[in-house]
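A short write-up of the structure that comes next.
Read the figures in this text as sums done on the coordinates, not as results from a lab. This structure is a prediction, so every number in the text was calculated from the model and none was measured. Glycine also receives a Cβ, built like all others from the backbone with ideal geometry; neighbour counts cover every protein chain displayed.
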Amino acid sequence: MIVSVFLGSLLGAMALGMPIAFALLVSGLCLMFTIGMFDSQIMAQNLINGADSFPLLAIPFFILAGELMNAGGISKRIIDFATALVGHIKGGLGYVAIIGALVFAGLSGSAVADTAALGAILIPMMVSAGYDKNRSAGLIAAGGIIAPIIPPSIPMIIFGVTSGVSITKLFMAGIVPGFMLAVGLTIAWYLVVRKSNFKVFPKKSGKEIVTVTVKALWALVLPAIIIGGLKFGIFTPTEAGVVAAFYALFVGLVVYRELKLKNLFHVLVASGKMTSVVMFLAAAAMVSSWLITVANIPGELTAMLGPLMENKLLLLMAINLVVFLVGTAMDLTPTVLILTPVLMPIITAAGIDPVYFGLLFILNNSIGLLTPPVGTVLNVAAGVGKISMEDIIKGVWPFLLVHIIILLLLTLFPQLVMVPLGWFT
């Protein structure tokens with residue numbers, strides 16, 4: 001009964017076109033009335049508590065860092081660096097997109113921001129070189145979802161705050177799977193383009209490669225600074241966000257000198273708008289999260305999943321299927337905020353490592369960014385590439401399949417996550 005009220009009110013409000021944050025508040029109100037404890041003060045207090053979180057401060061700083069990187073010329077130099085390395089290979093611009101996505105992922109932590117930045121520069125280049133536009137946009141969209149896996153991942157920060165799991169451990173757990181995604185995309189791109197004949201760039205000399213690398217060095221060392229600082233306990237994830245934002249500001253203003261003071265206001269406004277959306281979602285989700293706990297919805301679901309609790313693999317497969325289906329209809333952030341308080345008690349009861357589950361959960365939700373009808377990253381890539389949703393779906397499916405295969409591998413072989421996690425922590 002309680003589960004039906006929660007899902008019915010949430011999905012009903014969303015079906016009416018209500019923004020997800022307000023739909024969460026509506027579902028919270030319905031739960032309050034159902035269990036007979038309506039109190040406006042409880043709702044207001046939980047709204048405040050939802051946003052009043054020190055770890056969540058990392059989100060606005062990493063969002064700001066991403067905006068500063070795009071405005072300060074860091075993005076362009078990363079692409080120049082990747083082009084110098086592999087631009088002369090057949091299909092080289094595709095490999096440039098994958099390398100760029102991997103580096104960008106270690107800078108911003110946002111799939112949407114990375115896809116927009118890469119797509120705006122690379123899709124026109126790929127089309128002019130004779131690449132299929134649908135495949136090019138599909139590859140860049142698929143590369144964009146490496147960002148929620150590689151630190152500093154914004155979705156992992158949200159999951160860590162919501163679940164109480166160590167954000168630093170979540171970051172470390174994502175390093176190897178993130179590289180696996182990049183390798184998988186590289187193999188898929190090779191298979192897609194092996195019989196094609198594209199225009200390639202002239203091979204760069206060793207001196208030219210060194211010159212381009214030196215120019216991009218300021219951008220390339222930032223992921224190492226963040227990961228190294230977290231591993232050795234120099235700063236927390238929130239402090240890492242401050243370091244990234246200050247670093248991007250310094251490089252853009254002082255080193256590359258492409259970020260002008262007159263443009264800084266627009267960068268701050270864009271960052272503030274994106275931050276406000278995420279923080280209001282987090283605040284609204286706290287209301288539902290508290291009421292989900294009070295109404296014992298996790299307990300009801302645990303009873304329903306009772307037959308699977310003894311078999312961790314079957315339980316994870318069932319949860320993966322549910323999350324995948326939800327991800328086709330809902331964006332990543334609200335899915336994490338809604339499902340985390342529901343699923344974590346089940347995961348704990350089944351004895352599954354919460355860091356390992358968090359990695360699978362974020363990866364599965366990230367795959368949802370590539371699946372219609374919502375597919376936020378898919379929509380961004382289609383918009384930047386100026387192609388229809390139908391066309392980009394045709395272009396993205398080989399790369400989407402790669403991500404699903406890697407999700408299955410990580411589910412079947414937890415050692416792929418847990419062994420490297422032991423090294424890094």
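Values for this structure:
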item	result
Residues 308, 321 arranged by fewest to most Cβ contacts within 10 Å	321, 308
Of 260/386; 195/215; 204/386; 199/386; 169/394, those spanning more than 25 Å from alpha-carbon to alpha-carbon	260/386; 195/215; 204/386; 169/394
Debye, to nearest 20: dipole size of region 180-333, +1 on Lys, Arg Cβ, -1 on Asp, Glu Cβ	1120 debye
For the chain, built as a Gaussian network whose Cα springs stay under 10 Å, the top-fluctuating residue of 223, 237, 19	19
Distance between region 334-369 and region 1-34 - C-alpha centres, whole angstrom	21 Å
Electrostatic dipole magnitude of the chain [Cβ: Lys, Arg +1; Asp, Glu -1; Cα centre; debye, to 20]	1680 debye
Alpha-carbon Rg with Dmax, taken over the chain, Å	21.6, 73
0 to 90° range, to nearest 10: angle between helix 175-193 axis and the chain longest Cα axis	60 degrees
Sorted by Cβ neighbour density within 10 Å, fewest at the top, the residues 186, 340, 376	186, 376, 340
Residue order, fewest to most beta carbons within 10 Å, for 324, 159, 265	265, 324, 159
Among 98, 167, 209: highest mean-square fluctuation, GNM of the chain, C-alpha pairs under 10 Å	209
Computed log₁₀ I(q)/I(0) - Debye formula, equal Cα scatterers, no solvent, region 221-333, q 0.09, 0.16 Å⁻¹	-0.50, -1.03
Potential extension, residue 293-residue 48 segment - 0.36 nm per residue separation minus Cα distance	86.4 nm
